[in-house]
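Novice: Dropping a structure here in structure tokens format, bear with me for questions.
The values are calculated or read from the model by the stated rules, or taken from the named source; none is laboratory data. Predicted model, so just to flag it, every value in this text is computed and none were measured. For neighbour counting, all protein chains shown are included, and Cβ atoms are generated from backbone atoms with ideal geometry for every residue, glycine included.
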Amino acid sequence: MMANVRLLSRDIDQFKGGDVAFIMVAGAMVFFMVPGLAFLYSGLSRRKSALSLIWAVTAANAVVIFQWYFWGYSLAFSPSATNGFIGNLGRFGLMNVEGDPSPGTPLLPEILYSFFQMEFACVTAGILVGGVAERGRVFPFMVFTFLWMTLVYCPLACWIWGANGWAFKWGALDFAGGGPVEIGSGVGGLAYAWVLGRRQQRELVNFRPHNVSVVALGTFILWFGWLGFNGGSAFGANLRAIFAIWNSMLAAAFGGMVWCLLDFRIERRWSMVGLCSGTIAGLVAATPSSGYVKPWAAVVTGILSGAFCNFATKVKNHLGIDDALDLFAEHAIGGIVGLFMNAFFASSSIIALDGVSTNVRGGWVDHNWKQLYIQLAYIVAACAYTFVMTALVAKLVDITPVLGPLRCSPEGEIVGMDELEIGEFANDYIELRRDVADSTTFGFQKSPGSSPAVKAGDATQERHAQNTHEPTVENGHTISRDTDAIPINGHVNGHGNGHGLSPVDEKAEKESNGSHGAPR
């Protein structure tokens, strides 16, 4: 026993305490991105499905923690695997994961490295939750998450971060997860939404974020956590980590400004959702590039990501896929932009600042011309593998009798996922209306001159009306119950200005409403 303690002590002594403390804090910051995603998705969704997305992000986090402990870490990072595609079970259940140097970096003990990488996996699954928005059942998605992490995320992580991964050996440059995290979640979310199918036309037409304040809160939490996400990927308190943090800040700021300006040219309003979307697009693009490029290149990365991701929000309309929260536009396209930036702007002088990666070549700025086709091949492989495998896994879960279907019933979609699957609500709006309905049912009379919400005995009808947004008739007047409904001439609008509609359609929609914004 004492011998084991002394051995462990000797193993720990080979690591710098500052590096260990830095990664512990960075890992905690990355974990904080999970509630950030929950708030972001909740605010972007309709009121009647807001809590279901918070629940799904939280539950997916728990599933991934179990999967990573069970065999996920081993399948992604087992050092004894040599096939270049996926690891083996040499680290099953974190066996032999103690104080030895990690397979990813000699700067950290393996037990800390496994924790830090687990948080990356949790964030990826949290991003993927956006694919189920407003019509996906949560239990089948939890099963899907376990399978997806095993069959999609772990191979992607092994390719680029495993010591024997084929992309790593080939020289692909991906700092903090443009492939496993961003392409994995973005393309995976698109494939899941494709299998899930489009929402009903009524639900598409009426879509608007229900709480932009929560969207902004989630964005700021994500921004904070992303500094640990990218900065911690230098695996130590070193100069490369500082450059990664600086580059992340620059890309986020310029991405947000560019997206907001592109929206302003159509709306003549400064969209908060657009600003948040552009900020996230910049952070996504910084994920694979922030530890490779100089600050001026991070500015270029932010500008391009804000523009490309904004325009990519229209792609789902052409594909006919209902990517409700624009995972493909934000994460897949942003990740691809960042990976391509490495081909042009990656600098060996920045890479070597961690004191370990001293023999890694940069991109075109270092006259490494072949880096472009290496990055291109890596991007194509990651996109193709992710889409095909995600679609297959999702379809498998969908047709399995005990697990499927992935999608709720049409009636459940109208009522809302909060009512159907959770039985609780993110806001008390629904409960307030029910209280009013019940008060009339149980004999409380309206005051003189006031109009009752419903007639006595109609509480059941009121519940149905406010959940399904069906109009009711009071004193000969039709009153809409759809507080989320905003008519936009039959077009599909996504989660912010610049999402879903073409610029011409957006302008026509505003003119048809007679104002610069539909009434809330």
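Novice: Got a number for residues in region 65-85 being in a helix (DSSP H, G or I), touching a Lys or Arg at 6+ places or on another chain (Cβ under 7 Å) and of a type in the set (Gly, Ala, Ser)?
Specialist: Result for region 65-85: 1.
Novice: Scanning for something of a type in the set (Asp, Glu), part of a helix (DSSP H, G or I) and surrounded by fewer than 24 Cβ atoms within 10 Å (Cβ to Cβ), does region 109-122 turn up at least one residue? Outline the logic, then answer.
Specialist: At the first step, the residues of region 109-122 found to be of a type in the set (Asp, Glu) are 110, 119.
Subset that is part of a helix (DSSP H, G or I): 110, 119.
Those left that are additionally surrounded by fewer than 24 Cβ atoms within 10 Å (Cβ to Cβ): 110.
Checked region 109-122: at least one residue is of a type in the set (Asp, Glu), part of a helix (DSSP H, G or I) and surrounded by fewer than 24 Cβ atoms within 10 Å (Cβ to Cβ).
Conditions (1) crowded, with 24+ Cβ neighbours inside 10 Å; (2) of a type in the set (Val, Ile, Thr); (3) in contact with a strand residue (DSSP E or B) (Cβ under 9 Å, 6 or more places away or on another chain); (4) within 20 Å of Val63 (Cβ to Cβ), marked per residue:
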| site | (1), (2), (3), (4) |
| --- | --- |
| Phe141 | yes, no, no, yes |
| Gly162 | yes, no, no, no |
| Leu173 | yes, no, no, no |
| Val181 | yes, yes, no, yes |
| Arg199 | no, no, no, no |
| Phe220 | no, no, no, no |
| Trp223 | no, no, no, no |
| Asn238 | no, no, no, no |
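Novice: Does Phe328 qualify as being within 18 Å of the chain's Cα centre (by Cα) and under 18 Å from Ile183 (Cα atoms)? Step through it out loud before you land on a result.
Specialist: Numbers: within 18 Å of the chain's Cα centre (by Cα): yes; under 18 Å from Ile183 (Cα atoms): yes.
Considered against the rule, which asks whether it is within 18 Å of the chain's Cα centre (by Cα) and under 18 Å from Ile183 (Cα atoms), Phe328 comes out as yes.
Novice: For region 387-439, give me the residue count where each residue is in contact with a helix residue (DSSP H, G or I) (Cβ under 7 Å, 6 or more places away or on another chain) and either of a type outside the set (Val, Ile, Thr) or at pLDDT 75 or above (or both). So that I can check it myself, show each step before the final result.
Specialist: Residues of region 387-439 in contact with a helix residue (DSSP H, G or I) (Cβ under 7 Å, 6 or more places away or on another chain): 387, 389-391, 393-395, 397-398, 403-408, 412-422, 424-427, 429-430, 433-434, 437-438.
Narrowing the set further to residues that are either of a type outside the set (Val, Ile, Thr) or at pLDDT 75 or above (or both) leaves 387, 389-391, 393-395, 397-398, 403-408, 412-422, 424-427, 429, 433-434, 437-438.
Of the residues in that region, 35 qualify.
Novice: With the structure loaded, tell me whether Gly362 is surrounded by fewer than 16 Cβ atoms within 10 Å (Cβ to Cβ), at pLDDT below 95 and of a type in the set (Gly, Ala, Ser) or whether it fails that test. It would help to see each step written out before you state the result.
Specialist: Working: surrounded by fewer than 16 Cβ atoms within 10 Å (Cβ to Cβ): no; at pLDDT below 95: yes; of a type in the set (Gly, Ala, Ser): yes.
No.
Novice: Filtering region 86-108 down to residues that are part of a loop (DSSP other than H, G, I, E, B) and among the aliphatic types (A, V, I, L, M), which residue is surrounded by the fewest Cβ atoms within 10 Å (Cβ to Cβ)? Before the answer, list the steps.
Specialist: So in region 86-108, the residues part of a loop (DSSP other than H, G, I, E, B) come out as 86-91, 95-100, 102-108.
From what is left, the residues that are among the aliphatic types (A, V, I, L, M) are 86, 89, 95, 97, 107-108.
On the way: Ile86: 20, Leu89: 14, Met95: 10, Val97: 21, Leu107: 24, Leu108: 23.
Among those that are part of a loop (DSSP other than H, G, I, E, B) and among the aliphatic types (A, V, I, L, M), it is Met95.
Novice: For the list (1) modelled with pLDDT of 95 or more; (2) in contact with a Lys or Arg (Cβ under 8 Å, 6 or more places away or on another chain), I need the number of the one condition that Glu203 fails.
Specialist: The failed condition is (1).
Novice: Condition (residue is at pLDDT below 85 and crowded, with 20+ Cβ neighbours inside 10 Å) applied to region 379-386: is it met by at least one residue?
Specialist: First pass over region 379-386, keeping only residues at pLDDT below 85: none.
No, that holds for no residue.
Novice: What are the residue pairs meeting all of these: first residue in region 215-238, first residue closer than 30 Å to Pro101 by Cβ, second residue outside any helix (DSSP H, G or I) and among the charged types (D, E, K, R), Cβ atoms under 8 Å, and 6 or more apart or on different chains?
Specialist: Within 8 Å, the pairs are Gly236/Lys16; Ala237/Lys16.
Novice: Also: For the subset of region 165-185 comprising residues that are in a helix (DSSP H, G or I) and among the small types (Gly, Ala, Ser), which member is nearest to Gly131 (Cα to Cα)?
Specialist: Just the residues of region 165-185 that are in a helix (DSSP H, G or I), to begin with: 166-170, 178-185.
Filter once more, keeping what is among the small types (Gly, Ala, Ser): 167, 178-179, 184-185.
On the way: Ala167: 27, Gly178: 19, Gly179: 18, Gly184: 12, Ser185: 9 Å.
If we take residues in region 165-185 being in a helix (DSSP H, G or I) and among the small types (Gly, Ala, Ser), then Ser185 is nearest to Gly131 (Cα to Cα).
Novice: Given region 1-48, what helices (runs of 4 or more DSSP H) lie entirely inside it while holding 1 or more residues that are surrounded by 22 or more Cβ atoms within 10 Å (Cβ to Cβ) and at pLDDT 90 or above? Write out each step before concluding.
Specialist: Working: elements: 2-13, 17-31, 33-44.
Counting at least 1 such residues, we get 17-31, 33-44.
Novice: Give Phe116, Phe144, Phe168 a once-over and let me know the one that is more than 30 Å from Leu40 (Cα to Cα) and hydrophobic (A, V, I, L, M, F, W, C). Let's see the steps before the verdict.
Specialist: Values: Phe116 fails: more than 30 Å from Leu40 (Cα to Cα); Phe144 fails: more than 30 Å from Leu40 (Cα to Cα).
Sole residue among the options that is more than 30 Å from Leu40 (Cα to Cα) and hydrophobic (A, V, I, L, M, F, W, C): Phe168.
Novice: Return the only residue of Gly355, Gly320, Gly334 being surrounded by fewer than 16 Cβ atoms within 10 Å (Cβ to Cβ), touching a residue at least 60 places away in the same chain (Cβ under 8 Å) and farther than 28 Å from Asp19 by Cβ. Show your work before the answer.
Specialist: Values: Gly355 fails: farther than 28 Å from Asp19 by Cβ; Gly334 fails: surrounded by fewer than 16 Cβ atoms within 10 Å (Cβ to Cβ).
Checking each option against the conditions leaves just Gly320.
Novice: Just a yes or no: is a residue in region 197-214 part of a helix (DSSP H, G or I) and in contact with a Phe, Trp or Tyr (Cβ under 9 Å, 6 or more places away or on another chain)? Can you show your working first?
Specialist: Looking only at region 197-214, we keep the residues that are part of a helix (DSSP H, G or I), and these are 201-205, 212-214.
Within this subset, residues satisfying the condition of being in contact with a Phe, Trp or Tyr (Cβ under 9 Å, 6 or more places away or on another chain) are 214.
There is at least one residue in region 197-214 that is part of a helix (DSSP H, G or I) and in contact with a Phe, Trp or Tyr (Cβ under 9 Å, 6 or more places away or on another chain).
Novice: Another question about this same structure. Of the residues that sit in region 64-83 and are more than 27 Å from the chain's Cα centre (by Cα) and either of a type in the set (A, V, I, L, M) or buried (at least 17 other Cβ atoms within 10 Å of the Cβ) (or both), which one is farthest from Val123 (Cα to Cα)? Outline the logic, then answer.
Specialist: Applying the first criterion (more than 27 Å from the chain's Cα centre (by Cα)) to region 64-83 yields 79-83.
Keeping just the survivors that are either of a type in the set (A, V, I, L, M) or buried (at least 17 other Cβ atoms within 10 Å of the Cβ) (or both) gives 79, 81.
Details: Pro79: 24, Ala81: 25 Å.
If we take residues in region 64-83 being more than 27 Å from the chain's Cα centre (by Cα) and either of a type in the set (A, V, I, L, M) or buried (at least 17 other Cβ atoms within 10 Å of the Cβ) (or both), then Ala81 is farthest from Val123 (Cα to Cα).
Novice: Related question: Which residues, taken from region 396-429, are assigned to a helix (DSSP H, G or I), surrounded by fewer than 16 Cβ atoms within 10 Å (Cβ to Cβ) and among the β-branched types (Val, Ile, Thr)?
Specialist: Ile399
Novice: Does Ala297 satisfy being over 19 Å from Met257 (Cα atoms) and of a type in the set (Gly, Ala, Ser)?
Specialist: Details: over 19 Å from Met257 (Cα atoms): no; of a type in the set (Gly, Ala, Ser): yes.
No, not satisfied.
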